[in-house]
Amino acid sequence: MVVDDHPMWREGVARDLTEAGLDVVATSGEGRQAVRVAAAARPDLVVLDLQLPDVSGVEVVRGLRAALPEVRVLMLSASGEPQSVLDAVKAGATGYLVKSAAPAEFLDAVRRTAAGEPVFTPGLAGLVLGEYRRLAAAPPAPHDDAPRLTDRETEVLRLVAKGLSYKQIAERLRLSHRTVQNHVQNTLGKLQLHNRVELTRYAIERGLDE
């Protein structure tokens, strides 16, 4: 799915993807509409512009990941500002590419993002990795009053922290994909966390990624 408020850019990207043999299931020029359309079209990957007329691309990422936890999001932006990159990744974006990238580089980024590989414009990967390390090394926030997780929720959380996808977790634990999603959503609710990045940080702080 392609989300961009400039019609010529949006149509051009969709055409390039189609000509490369990829199936474009939907397009949108507004953030809120994009989340609604994505929930119905269920794309595997969303190519998303950071700057949209109604809400920011970061907010759209959060909405997409809430509606479709397994969706991959490749953020496109004219800006390579570090804070914009970090905000997008914290919200759940899989990759971040500046719009000045060459067509071949863009298509390569799309394919790699679809495969679950974090993809970043050169120079930004180190920034993101450094932020993850900083978060992991930060003193854990007090969670003494945090609700207790069930053994199964803890087991799923441990595998999330190891970087497994929901599909991989389902296969390893012999559960359905939907059951794994439910466990993750229940855990997020209990711990008052908002996304997989926060959940992974929580698990790393408690040594669950060992």
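The values are calculated or read from the model by the stated rules, or taken from the named source; none is laboratory data. It should be emphasised that the depicted structure is a prediction, and the values quoted were computed from it without experimental measurement. Note that each Cβ is placed from the backbone with ideal geometry, even for glycine, and that neighbours are counted across all protein chains shown. The protein model used for the area step is the full one, side chains on, heavy atoms only, and it has no ligands, DNA or RNA in it. Shrake-Rupley method; radii C 1.70, N 1.55, O 1.52, S 1.80 Å.
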Members of the range 86-98 found to be touching a strand residue (DSSP E or B) at 6+ places or on another chain (Cβ under 9 Å) and either more than 18 Å from Val71 (Cα to Cα) or open to solvent by 30 Å² or more (accessible area, probe 1.4 Å) (or both), listed by number: Val98
Being closer than 22 Å to Leu193 by Cβ and either out of contact with any His (no Cβ under 8 Å at 6 or more places or on another chain) or hydroxyl-bearing (Ser, Thr, Tyr) (or both) narrows it down to one of Val3, Val73, so name that one. Val73
Could you run through the range 66-102 and say how many residues are part of a strand (DSSP E or B) and in contact with a helix residue (DSSP H, G or I) (Cβ under 6 Å, 6 or more places away or on another chain)? 7
Check on Leu173, in contact (Cβ under 8 Å) with a residue 40 or more places away in the chain, open to solvent by less than 30 Å² (accessible area, probe 1.4 Å), over 22 Å from Ala88 (Cβ atoms) and more than 17 Å from the chain's Cα centre (by Cα): no
Can you tell me which residues in the range 1-26 are within 17 Å of Lys99 (Cβ to Cβ) and among the aliphatic types (A, V, I, L, M)? Val2, Val3, Met8, Val13, Ala14, Leu17
Regarding the range 59-73, can at least one residue be identified that is touching a Leu at 6+ places or on another chain (Cβ under 8 Å) and small (Gly, Ala, Ser)? no
Per the filter on the range 121-154, residues surrounded by 17 or more Cβ atoms within 10 Å (Cβ to Cβ) and at pLDDT 75 or above are Glu153
Output for the range 107-120, where each listed residue is open to solvent by less than 20 Å² (accessible area, probe 1.4 Å) and of a type outside the set (Ser, Thr, Tyr): Ala109, Val110, Val119
Any residue that is of a type in the set (A, V, I, L, M) and touching a strand residue (DSSP E or B) at 6+ places or on another chain (Cβ under 7 Å) - is there at least one of those in the range 99-106? no
Every residue in the range 40-65 that is in a helix (DSSP H, G or I), free of Cβ contacts under 8 Å to residues at least 40 places away in the same chain and open to solvent by 50 Å² or more (accessible area, probe 1.4 Å), please. Ala40, Glu59
